[in-house]
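The values are calculated or read from the model by the stated rules, or taken from the named source; none is laboratory data. On a predicted model such as this, the values are computed, not experimentally measured, just so you know. Cβ placement follows ideal geometry from the backbone for every residue including glycine, while neighbour counts extend to all protein chains displayed.
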Amino acid sequence: MEKLHQSGLVFDGGLGSLLQARGLPPGVLPEVWNITHPEVLIAIHREYLTAGADVVTCNTFGANPFKFRREADTPSGAEGPEDAYTLRQVVTSAVENARKAVSEAGQGFVALDLGPTGKLLEPMGDLSFEDCVAAYAEVIRFGADAGADLILIETMSDLYELKAAVLAAKENCDLPVMATVAFDASGKLLTGGTPRSVVALLEGLRVDALGLNCGLGPDDMAAVARELIAYASVPVIVQPNAGLPRSEEGKTVYDLGAEAYTAQMQQIIAMGARGLGGCCGTTPAHIRALSDSLPTGALRPGDADLHERRQEAPQEPDAASAREATLVTSFADAVEIGDAPVIIGERINPTGKKRFRQAVEEADMEYILNVGLKQQEQGAHILDVNVGVPGIDEPEMLTRVVKELQSVTELPLQLDTSDPEALAQAMRVYNGKPLVNSVNGKQESMDAVFPLVAKYGGVVVCLCLDESGIPETADGRIAIAKKIIEEAARYGIQKKDLLVDALCMTVSTDERNAMVTLETVRRTREELGVKTILGVSNISFGLPVREVINAAFYTLAMENGLNAAIINPGSADMMRAYHAFRALKGHDPHLAEYIAGIPALQDAVRPPGAERKGSGEPGDAGLHGQSREASQKPEEPVPQGTDEASPLRYAILRGLKDSAVGAAKEALLQKEALAIIDEEMMPALDEVGKGFEKGTLFLPQLMMSAEAAKAAFAVIREHLQKQEGAAKSKGTIVLATVQGDIHDIGKNIVKVLLENYNYRVIDLGKDVPPEAVVEAVVREEAPLAGLSALMTTTVPSMEKTIRLLRERAPQVRVMVGGAVMTQEYADAIGADFYAKDAMGAVTCAEGVFAGGY
Amino acid sequence: MAMDLNRVNRNEILHYLGMHGAAPDERTAALIEECLSELNAKVAPKHVFRTFPLHVSLPEEDEAPLLDLGCFTVRSRDLARNLKGCHEVLLFAATIGEGADFLIRRYEKTQMSRAVILQAAAAAMIEAYCNEINDAWKEEYAAKGCALHPRYSCGYGDFALEYQKEFMRVLEMEKRLGIRLTDGLLMVPTKSVTAVIGIAGEEM
């Protein structure tokens, strides 16, 4: 590690192609040769060391418990040569071979090499984050035991898997950890990550070095390397391919020879990379040429020298400021909290919101996700996530909401909880570098939060309060901020990863409150050099027409240097203040965003007060009532005179969501809720269903009608709840896409329709094991279960599920559907019903619950 | 990164939506265009390919012919029929990336009507992308006096899905395209295609 910092390191080059050249047959896992052909591995390592490499990489890229059996497993004997060896044997021999080469060469370090697992992590695949950590942990323990000098995680393209690997390394050994990722030609990771989001994540996890490898040749890598070096505070490693691969007589060859490769590498050396090596297609000859090209000391610049190099490099982002950037990330790009004000959406929070609290209590993810996505549309850059409701398991709920949100939005999240256990678990599963809300000046708080930030990385909101409360003066708040900053430094948490919250108390109790907050914001920036955040709307608590005060205060705070504000992006006044400020302060080039946002600024965004009398919170209807297109162009109006008897029926038939909500509200003024459902909504739904079956109306229209009906139902349900408690559903149906199948759009369509017909649907999702289906059916005492499978290969899994259901829940009826299903298939695997499409599933349910079947 | 949306076959989208031959209503048609634009901002079409010499061993009685694709061997009657007269094969993998799956997943949670259209539009997009690269190869090989056979994927006929693993290995699909396989041999990102294309005609 010291050598990397002080003098830089030369890494080795490609391994796989060298093994193939020495006779590794296609289809055999290269790691098997660690045991069967150790002399080949030792020879290759030694060639690299003689060529000038300081670090050799063990042949463990693909060594993981998914490819090699564990100690306890007995060989099955049928799976080929890899089955003959355990993971421990493969890893241990790999390290031993490298150690042997190092001792023969008399110098060098041994890197335990970790690549992607080849498995898919949630939410795309079926591997859980913790299982992924555990898989890497095994390899790391074996490698460390065998005597590796460092851990090199490389060719990663999924930041979540990368996080799992780094955590596993940190938790299972004391060796230095280095991690490099594979960018494509567009400068992005396959999952959308960018150089700065990689740096933010990896430095948050405190790797010792980071960088890039594979994918591209040196020239094509230069731009990404430059950006990485600009943002990184730790040494950067660059290991490109020998140019681009091409196919020659069935063999992959790379087009850069040793000299050309070395020539291209010079620009990367000049940028200040501290670790150099090669990846696919590079050979000892490449490494020798590279190593020889380094005049003594070339990779050995002192810090001043390094800085100079960075200054000289053309078109480089301002290195000093890039390294000081406050970055929060998701799996995709980073959000920088800096001069341009950042909006943090505050709506995922049960405080004072009855409907939201109910959603948390019922684990109604759809509602919660919609609150998040709505704010994204309205312009939030980051979403605050608070699910603190008394009586729930907050760690479980927070991690679940975080995972679900990250499966549908690329916005970074602000984890908002006062429960340290919930925070710890959420930070662990979070994909990226989160905002953490919050720590304060109490010793207890700092003792709980800072170790988590030191471990997982994050930017922390620091509240200016401590054991003696909230100081009344700016002096007092600055003093607490200082104390927090000093304590953070003891954990190695830098200023750039802190956001001071000056706190704002309502001006309704003391008219000086706003000025104290604003002074604290300004002085935090000027005296402490730390960025600031504020929950703006507290300022007007207890006052009428709060939006007026909030918006003016927001503008004042931004003018005093506020970097991030926690606000409701659905508030027109706040968004007006935001856009106007950006326009006036030169943050909006050519005022493009201001002009593009005009419709929203004028009228489409209603102030919350106008949505509903009273609480000002958007109810279910308000939330779902405004569809995405509707926010840009209004729906066609319900024409006068057409179907005057029931505008609601018309709206459902035509799939007009906003109109359906309005019509339902109108109808409630004149009719009983149940009568509306029976006389207007159900006939409309039936008509749509018949049209679909006849082929006069198609899936998109069926879905639009279903959505319109759903929005109208929400209005009616809310009304019923006010009157007589919850509306009764017709019964419970469990739905699942069977194990092994990851396509569940068909099942989701069925779910929407069944809900329309007033069934309570327990949706288990996709890739659901038979046991989980049985468990849900038994727990819910569901009379009907629906299973879907898209692939012929997963039909056996469906059959297995049915068999288990028959055993443990004999009363349940089972309907099946999916692309490959037929009546014959359904009969053969013992299902009760075959639903040929979504309407078929509804017919089937209606039959079962009416007792017809 | 984006695709030329004119190349995406609208009829194919309608077909995937179950509207066989029926004209879409105005709103659906507009939604389809909206979805295509939204997808286009998120997709990242990419492909890899390699060519190999092809050797076919004549079958024993009752056996499917054995095809040596230069990187793995396959026993398949249907593929042999498709590759009849070819001396070389081109193996390729293509994807429009995870962005499409992400959008579909998002709208499944919020607006199902849009999710079904996105699903159909994305399927037509990967198809259009495959056609685009296929057309370029056709031209390239025509110049050399060769003809390309229609592409053929594993999972068709008796060309078992199991061979997806060989495509993964030979084309380094994980490293170069970010494609991974589920235990059920499905590709993720889901809007991905692998196929064999036979090359017939003049030997180069």
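Give region B:53-79 a look and list any residue that's at pLDDT 90 or above and farther than 19 Å from residue B:156 by Cβ, or say none.
B:53, B:55, B:68
When you look at residue B:26, is it modelled with pLDDT of 90 or more and of a type in the set (D, E, K, R), yes or no?
no
Taking the condition touching a strand residue (DSSP E or B) at 6+ places or on another chain (Cβ under 8 Å), closer than 30 Å to residue A:122 by Cα, within 14 Å of chain A (Cβ to nearest Cβ) and not hydroxyl-bearing (Ser, Thr, Tyr), does residue B:164 pass? Reasoning before the result, please.
Working: touching a strand residue (DSSP E or B) at 6+ places or on another chain (Cβ under 8 Å): yes; closer than 30 Å to residue A:122 by Cα: yes; within 14 Å of chain A (Cβ to nearest Cβ): yes; not hydroxyl-bearing (Ser, Thr, Tyr): yes.
So residue B:164 passes the test.
Would you say residue B:41 is more than 9 Å from chain A (Cβ to nearest Cβ), touching a strand residue (DSSP E or B) at 6+ places or on another chain (Cβ under 7 Å) and either buried (at least 20 other Cβ atoms within 10 Å of the Cβ) or modelled with pLDDT of 90 or more (or both)? Lay out the reasoning, then the answer.
On the way: more than 9 Å from chain A (Cβ to nearest Cβ): yes; touching a strand residue (DSSP E or B) at 6+ places or on another chain (Cβ under 7 Å): no; either buried (at least 20 other Cβ atoms within 10 Å of the Cβ) or modelled with pLDDT of 90 or more (or both): yes.
Judged against the criteria, residue B:41 is not a match.
If we only count strands (runs of 3 or more DSSP E) wholly inside region A:363-452, which ones have 3 or more residues that are outside the structural domain of residue A:344 (by TED's automatic domain parsing), out of contact with any Gly (no Cβ under 6 Å at 6 or more places or on another chain) and among the hydrophobic types (A, V, I, L, M, F, W, C)?
none
Inspect all residues belonging to region B:47-59 and state whether any of them is facing chain A (nearest Cβ under 9 Å) and more than 19 Å from the chain's Cα centre (by Cα).
Checking region B:47-59: at least one residue is facing chain A (nearest Cβ under 9 Å) and more than 19 Å from the chain's Cα centre (by Cα).
Kindly indicate the residue of region A:373-393 that is of a type in the set (Gly, Ala, Ser) and touching a residue at least 40 places away in the same chain (Cβ under 8 Å) and also farthest from the other protein chains (Cβ to nearest Cβ) among those meeting that condition.
For region A:373-393, the residue satisfying everything is A:379.
Confirm whether residue A:291 is at pLDDT below 95, away from chain B (no Cβ under 14 Å), in contact with a strand residue (DSSP E or B) (Cβ under 9 Å, 6 or more places away or on another chain) and more than 25 Å from residue A:194 (Cβ to Cβ).
Judged against the criteria, residue A:291 is a match.
Just to check your reading of the model, which residue among A:482, A:531 is of a type outside the set (Asp, Glu) and buried (at least 20 other Cβ atoms within 10 Å of the Cβ)? Steps first, answer last, please.
On the way: A:482 fails: buried (at least 20 other Cβ atoms within 10 Å of the Cβ).
From the options A:482, A:531, the qualifying one is A:531.
Quick one: count up the residues across region A:150-180 that are over 15 Å from residue A:11 (Cβ atoms) and within 20 Å of the chain's Cα centre (by Cα).
Qualifying residue count, region A:150-180: 13.
Report every pair of residues separated by at least 6 positions or lying on different chains whose Cβ atoms are under 8 Å apart, first residue within region A:209-226 and within 14 Å of another protein chain (Cβ to nearest Cβ) and under 14 Å from residue A:241 (Cα atoms), second polar (S, T, N, Q) and part of a helix (DSSP H, G or I).
Close Cβ pairs satisfying both conditions: A:217/A:264.
Which one is farthest from the other protein chains (Cβ to nearest Cβ) among residues in region A:97-127 that are under 30 Å from residue B:102 (Cβ atoms) and among the small types (Gly, Ala, Ser)?
Restricting to residues being under 30 Å from residue B:102 (Cβ atoms) and among the small types (Gly, Ala, Ser), the top hit is A:115.
Determine if region A:769-779 includes at least one residue that is in a loop (DSSP other than H, G, I, E, B), free of Cβ contacts under 8 Å to residues at least 60 places away in the same chain and within 14 Å of chain B (Cβ to nearest Cβ). Spell out how you get there, then give the answer.
Residues of region A:769-779 in a loop (DSSP other than H, G, I, E, B): A:769.
Still in the running and free of Cβ contacts under 8 Å to residues at least 60 places away in the same chain: A:769.
Then keep just the ones that are within 14 Å of chain B (Cβ to nearest Cβ); that gives A:769.
Checking region A:769-779: at least one residue is in a loop (DSSP other than H, G, I, E, B), free of Cβ contacts under 8 Å to residues at least 60 places away in the same chain and within 14 Å of chain B (Cβ to nearest Cβ).
Which one is nearest to residue B:36 (Cα to Cα), of the residues in region B:79-111 that are within 11 Å of chain A (Cβ to nearest Cβ) and without any contact (Cβ under 8 Å) to a residue 40 or more places away in the chain?
For region B:79-111, the residue satisfying everything is B:104.
Kindly indicate whether any position in region B:140-161 is within 11 Å of chain A (Cβ to nearest Cβ) and either in a helix (DSSP H, G or I) or touching a Phe, Trp or Tyr at 6+ places or on another chain (Cβ under 6 Å) (or both).
Looking through region B:140-161, at least one residue is within 11 Å of chain A (Cβ to nearest Cβ) and either in a helix (DSSP H, G or I) or touching a Phe, Trp or Tyr at 6+ places or on another chain (Cβ under 6 Å) (or both).
So residue A:185 fits all but one of (1) more than 14 Å from every other protein chain (Cβ to nearest Cβ); (2) surrounded by fewer than 24 Cβ atoms within 10 Å (Cβ to Cβ); (3) more than 20 Å from the chain's Cα centre (by Cα); what number is the exception?
Going through the list (1) more than 14 Å from every other protein chain (Cβ to nearest Cβ); (2) surrounded by fewer than 24 Cβ atoms within 10 Å (Cβ to Cβ); (3) more than 20 Å from the chain's Cα centre (by Cα), residue A:185 breaks only (1).
Does residue B:114 fit the bill of being surrounded by 20 or more Cβ atoms within 10 Å (Cβ to Cβ), in contact with a Cys (Cβ under 7 Å, 6 or more places away or on another chain) and within 14 Å of chain A (Cβ to nearest Cβ)?
Spelling it out, residue B:114 is indeed surrounded by 20 or more Cβ atoms within 10 Å (Cβ to Cβ), in contact with a Cys (Cβ under 7 Å, 6 or more places away or on another chain) and within 14 Å of chain A (Cβ to nearest Cβ).
Which of the residues that make up region A:703-748 are of a type in the set (Ser, Thr, Tyr), within 30 Å of residue A:775 (Cα to Cα) and at pLDDT 85 or above?
Within region A:703-748, A:732, A:737 meet the criteria.
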